[in-house]
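Single-structure report; data block below.
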Amino acid sequence: MRNLDLVLGVEKRIVFDLVEVVEGRCQLRQALIRDKRFESLSLLPAAQTREKEAVSEAQMARVVEDLGALADFVIIDCPAGIEHGFRSAIAGAREAIVVDGGDEADRIVARLDALGVRATYLVHTHAHFDHIGVLADLKERTGGAGLLHPGDLPLFEALALQARYFGVPAPRVTTLDGELADGDAIRAGCVRLDVLHTPGHTPGSVSFALERGAGTMLLTGDTLFRGAVGRWDIGGTSLEDIVASIRTKLFAYDDAAVVVPGHGPSTTIGIEKRENPFLVT
Ligand SMILES: [Zn+2]
Ligand SMILES: [Zn+2]
């Protein structure tokens, strides 16, 4: 959108832009500028003079739909953050990755429906029932593929036992569709999640790293919390394991990387390095 015209060196060739397309003042094809080096690459410029609010989410979805008929791939450049510009940019997105469906199938399905996206993958930080309990439901209702690190297969097979221990109804039994491994990249549309094996809370615990325009976001499950680490005393792991995972895998990211744990408030790598009593040296 904005600035890509400069990057591609086509700024002097702009006649029409996205806002004029959505307002019906030109045809979509008229606004596309073909790259001189790659014949199959075209740019639809954003308006330089109008505010982002000039394009609604519905209008953006329509443009992406129309572009889809002309091109194999539609790549959307959008502003950082999750304000209006981002919401309209993702309005045409069709795929999503659900991380830790937990026990909230209805809320997740409602959110996916409202955004009009399909869950391609259902990935899990670990196999405790409060993270993976509704997998059977979600698989059935979204068609997404359920993935887990193989180190947590024994826990996954013991979901009924976990539920009985916490006095909640046993989750429906289902099968996994694949395994997560350290270094894997899970892709859906323009989203890429990098898989980091971070054992310690459970043997197969993983964290996910998501690179965004605004920096890295780390989804740490029950491995790293604000000011705490997950329990390490519930099966085959130790405090040393969880601390080593955090130090080697998570602390490898910038201090500014945002940490979104499986429970409780968000934090950053910098804050945890300085203040987490389990991790300060
Ligand atoms: Zn857990
Ligand atoms: Zn948990």
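With respect to the conditions (1) within 16 Å of ligand 2 (Cβ to nearest atom); (2) at pLDDT 95 or above, Trp232 lacks only one, and its number is (2).
Looking across region 184-195, the residues that are surrounded by 13 or more Cβ atoms within 10 Å (Cβ to Cβ) and modelled with pLDDT of 95 or more come down to Asp184, Ile186, Leu193, Asp194, Val195. Checked against (1) under 22 Å from the mean Cα position of the chain (by Cα); (2) at negative phi, Gly215 meets all criteria but (2). Close contacts from region 96-120, counting a first residue that is at pLDDT below 90 and a second that is in a helix (DSSP H, G or I) and surrounded by fewer than 20 Cβ atoms within 10 Å (Cβ to Cβ), with Cβ to Cβ under 8 Å and a gap of 6+ residues or different chains, come to Gly102/Asp130; Asp103/Asp130; Gly116/Ala61.
Based on what the data block shows, is Arg231 within 16 Å of ligand 1 (Cβ to nearest atom), of a type outside the set (Phe, Trp, Tyr) and more than 22 Å from the chain's Cα centre (by Cα)? Taking the combined requirement at face value, the residue satisfies it. Within this structure, Thr202 fails the test of being among the hydroxyl-bearing types (Ser, Thr, Tyr), touching a strand residue (DSSP E or B) at 6+ places or on another chain (Cβ under 7 Å), assigned by TED's automatic domain parsing to the domain that holds Arg247 and within 24 Å of Phe278 (Cβ to Cβ). If you go through region 239-273 and keep only what is closer than 25 Å to Asp103 by Cβ and under 20 Å from the mean Cα position of the chain (by Cα), you end up with Val258, Val259, Val260, Pro261, Gly262, His263, Gly264, Pro265, Ser266, Thr267. Tell me which residues, restricted to region 235-268, are without any contact (Cβ under 8 Å) to a residue 40 or more places away in the chain, within 16 Å of ligand 2 (Cβ to nearest atom) and within 24 Å of Leu155 (Cα to Cα). Selection gives Thr237, Gly264.
Only one residue in Thr223, Thr216 is within 15 Å of ligand 2 (Cβ to nearest atom) and within 25 Å of Ser266 (Cα to Cα), so which one is that?
Details: Thr216 fails: within 15 Å of ligand 2 (Cβ to nearest atom).
Result: Thr223 is the single residue among Thr223, Thr216 that is within 15 Å of ligand 2 (Cβ to nearest atom) and within 25 Å of Ser266 (Cα to Cα).
One line per residue, one yes/no per condition, for (1) out of contact with any His (no Cβ under 7 Å at 6 or more places or on another chain); (2) over 30 Å from Glu140 (Cβ atoms); (3) crowded, with 17+ Cβ neighbours inside 10 Å:
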{"residue": "Arg164", "(1), (2), (3)": "yes, no, no"}
{"residue": "Asp182", "(1), (2), (3)": "no, no, no"}
{"residue": "His197", "(1), (2), (3)": "no, no, yes"}
{"residue": "Pro203", "(1), (2), (3)": "yes, no, yes"}
{"residue": "Ser207", "(1), (2), (3)": "yes, no, yes"}
{"residue": "Thr223", "(1), (2), (3)": "no, no, yes"}
{"residue": "Gly227", "(1), (2), (3)": "yes, yes, no"}
{"residue": "Gly235", "(1), (2), (3)": "yes, no, no"}
{"residue": "Ala244", "(1), (2), (3)": "yes, yes, no"}
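Can you find, within region 202-225, the residue that is modelled with the lowest pLDDT among those that are away from ligand 1 (no atom under 16 Å from the Cβ) and outside any strand (DSSP E or B)? Looking at the filtered set, the residue picked out is Gly213.
When the residues of region 125-156 are narrowed to those that are acidic (Asp, Glu) and within 16 Å of ligand 1 (Cβ to nearest atom), which ends up nearest to Thr237 (Cα to Cα)? Among those residues, the one meeting the criterion is Asp152.
The values are calculated or read from the model by the stated rules, or taken from the named source; none is laboratory data. These figures come from a predicted structure and were not determined experimentally. Cβ: placed from backbone, ideal geometry, glycine included. Neighbour counts: every protein chain shown.
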